[in-house]
Amino acid sequence: MIPTDLIKGSLKTIVLKLLEENGRMYGYDITRKVEELTEGKIKLTYGALYPVLHKLESDGVLMTESENFNNRIRIYYSLTSKGHSLVTEKIKEMKEFIESLEKIVNPLPGLSYA
């Protein structure tokens, strides 16, 4: 399992990408999808997920819809137009970050840092 501190900085991008690909989702659905896609290596807690969802909503990136499901209120999140344009930017940033980490973790042979 991947430690929470490594996931924390990527959570916004993860949420945006999932909502772009799957349309509207509710919190449990997001956590389940992340766990499924990562074969259980990333397990999101509600304590980490919901502050990110609320922040994205207050920033105008997400909108919410409430729906009654089996006598329980379920809150669905979906991207606004601002959210759709932000996804591309966040994915690009994430890819650059991953490529940079790869260069640190697996430097090219013969590369000198002197």
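The values are calculated or read from the model by the stated rules, or taken from the named source; none is laboratory data. Small disclaimer: the values here were computed from a predicted structure and weren't measured. Using ideal geometry, Cβ is built from the backbone for each residue, glycine included, and neighbour counts are taken over all protein chains shown.
Could you check, for region 20-34, whether at least one of its residues is of a type in the set (S, T, N, Q), within 17 Å of Gly83 (Cα to Cα) and part of a helix (DSSP H, G or I)? Yes, that holds for at least one residue.
For Lys103, the conditions (1) free of Cβ contacts under 8 Å to residues at least 12 places away in the same chain; (2) of a type in the set (D, E, K, R); (3) within 19 Å of Asp5 (Cα to Cα) are fulfilled apart from (3). When each of Leu44, Leu49, Leu79 is tested for being over 19 Å from Asp5 (Cα atoms), within 13 Å of the chain's Cα centre (by Cα) and aliphatic (A, V, I, L, M), the lone residue that passes is Leu79. Looking across region 52-73, the residues that are at pLDDT 95 or above and not polar (S, T, N, Q) come down to Val52, Leu53, His54, Lys55, Leu56, Glu57, Asp59, Gly60, Val61, Leu62, Met63, Glu65.
Considering only residues in region 78-114 that are assigned to a loop (DSSP other than H, G, I, E, B) and exposed (fewer than 11 other Cβ atoms within 10 Å of the Cβ), the one that is modelled with the lowest pLDDT turns out to be Ala114.
Rundown of residues vs (1) touching a Ser or Thr at 6+ places or on another chain (Cβ under 7 Å); (2) surrounded by 14 or more Cβ atoms within 10 Å (Cβ to Cβ), yes/no style:
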| residue | (1), (2) |
| --- | --- |
| Lys8 | no, no |
| Lys12 | no, yes |
| Glu20 | no, yes |
| Tyr76 | yes, yes |
